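Nothing in this text is a laboratory measurement; each read-out follows from the coordinates by a stated rule. This structure is a prediction, so every number in the text was calculated from the model and none was measured. Cβ coordinates were reconstructed from backbone atoms using ideal geometry, including for glycine residues, and neighbour counts include every protein chain displayed.
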Amino acid sequence: MKPKILVVAANYYKNISFDLSLHTSGVLDKKTKYTFISVPGVFEIPVVISKNIKKYDGFIALGCVIKGETPHFDFISSATTNAIMKLSIEHKKPIGNGIITCLNMKQAEVRTKSKGIEAANAVIEVLDIF
């Protein structure tokens with residue numbers, strides 16, 4: 001039976017989210033049953049995963065945080081990454097981190113081609129281990 005995956009995509013940067021989702025679904029189409037949920041920003045991803053933790057076998061977090069002139073980038077990136085890891089460990093479910101953290105939009109656009117694919121492949125590989 002194909003594993004059920006929830007993809008939670010932050011739409012703060014809509015073009016980045018769209019590209020990440022497109023590349024991710026290309027991997028998931030072949031090997032899983034999956035659902036997409038959109039949230040406003042990456043900070044909301046962990047709570048949506050937490051709310052759905054019992055309904056799915058694995059999760060993929062997609063989004064982008066671009067560094068600005070304040071420490072906000074560091075706080076959001078760190079808090080989100082730590083929350084995702086904590087959920088994964090506590091519930092023993094894989095969560096692929098497809099959240100791009102970068103210095104500018106050009107870097108983000110380049111990374112959309114691989115980040116979602118890497119996160120999807122990581123979740124599928126870990127599920128195969130279980």
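Per-structure values
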read-out: Unit charges on C-beta of K, R, D, E only; dipole of the stretch 4-129, Debye; value: 320
read-out: Choice from A61, A120, A79 showing the highest fluctuation, given a GNM over the chain with Cα pairs closer than 10 Å; value: A79
read-out: Part-to-part distance (alpha-carbon centres) for the stretch 11-52 and the stretch 57-130, which is given in Å; value: 10
read-out: 27 Å tail of the calculated P(r), the chain, as % of Cα pairs; value: 12
read-out: Degrees separating the helix 72-91 axis from the principal Cα axis of the chain, which is the longest one; value: 10
read-out: Ranked list, fewest to most other Cβ atoms within 10 Å of each Cβ, for V7, V65, V39; value: V39, V65, V7
read-out: Greater than 31 Å apart at Cα, pairs in K4/K115; K93/K115; K4/K106; K2/K106; value: K4/K106; K2/K106
read-out: Relative contact order of the chain, defined on C-alpha pairs under 8 angstrom at six or more residues apart (%); value: 32
read-out: Selection from P71, T24, S114, by position along the positive dipole direction of the stretch 4-129 (Cβ); value: T24
read-out: Interchain or long-range residues, amide H under 5 Å from Y13's placed H; value: C64
